[in-house]
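J.: Just passing along the structure, written as structure tokens.
The values are calculated or read from the model by the stated rules, or taken from the named source; none is laboratory data. Quick caveat, the model's predicted, so the values are computed rather than measured. Cβ placement follows ideal geometry from the backbone for every residue including glycine, while neighbour counts extend to all protein chains displayed. Surface accessibility is based on the protein's heavy atoms, side chains included, excluding ligands, DNA and RNA. Shrake-Rupley method; radii C 1.70, N 1.55, O 1.52, S 1.80 Å.
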Amino acid sequence: MSELQQIVLAQYCDGPPKSSDFRLETQPLPEPRDGQFRVAHVWCSVDPGTRSRLSGGDSYAAALPLGKPIDGFSAGIIDASGHPDWPVGTKVFCAGGWKTHSVQSGKGFIGKVMDVPGVPLSAWIGVLGVPGLTAWFGMKDVARFKQGDAVLVTSAAGPVGATAGQLARAWGASKVVGVAGSDEKCRWLVSEAGFDAAINYKTARDLSGAISAEFPNGVDILFDNVGNAMVNAVLQLMALNGRICISGQVADYNLKPEETPGIVHTKPFITHRVNMQGLVVFDFARGFPEALGSMAQMIASGGLKTQEERFEGIAAMPEAFCGLFRGENTGRRVVKVGAE
């Protein structure tokens, strides 16, 4: 390919994102300077957290200006290099954006793909990318997991939730229960991912009651990817010294601040000494190599199950992204934008 293709923000998102909020553009292929290298992307990701930057207001990251390429993660192969430590042919994962190519310097979020048999390149922007790292450090460092904990994971069939639950199981949880949005997702969590039980929040008449029935002694860890309404539903079910990790807020990303549900069941913070904390995974960057190496071996040995939905062509990225907010995805959504 002799040109760069990229998806840019055409208009700010108002409510759930639409394909018309984005635009495909073509530019000349950039050439790396000394100390730089160019990555030909093979796979690009769509991430729910990107939504927080697309309405024109700042979140934990600054708002994305109109006309700028959309953020995202990429896995690909270096096809031109002026950097001695990053030669042509090296497979890498990076923060490349919704593009077919990116120029990198070796700084920031980038790494060389480990050669682990049975682990596909696309996994390095899935379980071996930000989703898996969020699960690892959210469960281990933020939720302060300890052996014997009873763990509840929401949006459990997504790449973050499914990984978090499987890590808790591998590390010795007494029980792992997932909340997901379809019977098919719930079946996968139990039969493939090793969860002890799964609850379909769309069909459960009383979600809090269903959760309470699974945790008669209370929830030690709530690993939440959904948002404030879910936290409200579980707060009163937390065990003494329970921990809540706020990993994502997929149900709240499309809401205006005044529309976002408040957290009202706050007494357990006192009576049960509940602790609630969020995370930005890049705070734990020093630990990334160890975590990635461990999870890669778990995937290779069959101890960590993954799901991918694959799309073809960079033009498919907006609709792949929009579908995340309609609950259509099962596992990680990745888009093939180049040849491996």
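J.: In the range 257-292, which GluC sites (Glu not before Pro) are in a loop and have at most 16 other Cβ atoms within 10 Å, using DSSP for the loop call? All intermediate terms of the calculation are to be shown ahead of the outcome.
T.: Values: sites: 258, 259, 290; in loops: none.
In loop regions of the range 257-292 (DSSP not H, G, I, E or B), there are no sparsely surrounded GluC sites (Glu not before Pro).
J.: Set the Förster radius R0 to 35 Å, insert the Cβ-Cβ distance between residue 2 and residue 280 as r into 1/(1 + (r/R0)^6), and round the FRET efficiency to 0.05.
T.: 0.40
J.: Based on the mean of other Cβ atoms within 10 Å per residue, sort peptides 132-140, 7-15 so the most packed one is first. Please list the in-between numbers first.
T.: Numbers: 132-140: 25.6, 7-15: 17.0.
Packing proxy ranking, top to bottom: 132-140, 7-15.
J.: So the label point goes 7 Å from the Cα of residue 174 along Cα→C-beta, right? Which residues of the range 136-161 then have their backbone N under 17 Å from it?
T.: So the set is 144-153.
J.: Between residue 11 and residue 259, what is the label-to-label distance in nm when each label sits 7 Å out along the Cα-to-Cβ direction?
T.: About 1.6 nm separates the two model spin labels.
J.: Decide, for the range 252-292, between rounded, prolate and oblate: order the square roots of the alpha carbon gyration tensor eigenvalues as a ≥ b ≥ c, take rounded if a/c falls under 1.5, and otherwise choose prolate if a/b is larger than b/c, else oblate.
T.: oblate
J.: Moving on. May I ask you to give the solvent-accessible area per residue for the chain, in square angstrom, as obtained with a 1.4 angstrom probe?
T.: Values: 14730 Å² over 340 residues.
With the other protein chains kept in place, the chain gives 43 Å² per residue.
J.: Rounded to a whole number, what % of the accessible area of the chain do carbon and sulfur atoms account for, probe 1.4 Å?
T.: Details: 7340 of 14730 Å².
Carbon and sulfur atoms account for 50 percent of the accessible area of the chain.
J.: Could the peptides 79-85, 293-299, 244-250, 28-34 be put in order, highest first, of the mean number of other beta-carbon atoms found within 10 Å of their residues?
T.: Working: 79-85: 14.7, 293-299: 18.1, 244-250: 25.1, 28-34: 12.3.
The densest-packed peptide leads the list: 244-250, 293-299, 79-85, 28-34.
J.: Still on this model: Which of the pairs 175/336; 18/91; 18/140; 202/305; 256/336; 107/140 have their Cα atoms more than 28 Å apart in this structure?
T.: Details: 175/336 37 Å; 18/91 33 Å; 18/140 36 Å; 202/305 24 Å; 256/336 33 Å; 107/140 26 Å.
Listed pairs above 28 Å: 175/336; 18/91; 18/140; 256/336.
J.: Could you give the angle, 0 to 90 degrees to the nearest 10, between helix 288-301's Cα long axis and the longest principal axis of the Cα atoms of the chain?
T.: 80 degrees
J.: Using a cut-off of 18 Å between alpha-carbon atoms, which aspartates and glutamates can reach residue 99, once sequence neighbours fewer than 8 places away in the same chain are excluded?
T.: Straight-distance partners of residue 99: 3, 21, 25, 31, 47, 71, 79, 312, 319, 340.
J.: At most 14 other Cβ atoms within 10 Å and a DSSP loop assignment: could you name the trypsin sites (Lys or Arg not before Pro) in the range 246-340 that fit? Could you put the intermediate results ahead of the total?
T.: Working: sites: 273, 286, 305, 310, 326, 332, 333, 336; in loops: 273, 305, 326.
For trypsin sites (Lys or Arg not before Pro) across the range 246-340 that sit outside H, G, I, E and B with at most 14 neighbouring Cβ atoms in 10 Å, the list reads 273, 326.
J.: In nm, to one decimal, how far is the modelled label at residue 206 from the one at residue 141, with both set 7 Å along Cα→Cβ?
T.: For residue 206 paired with residue 141, the spin-label model returns 4.0 nm.
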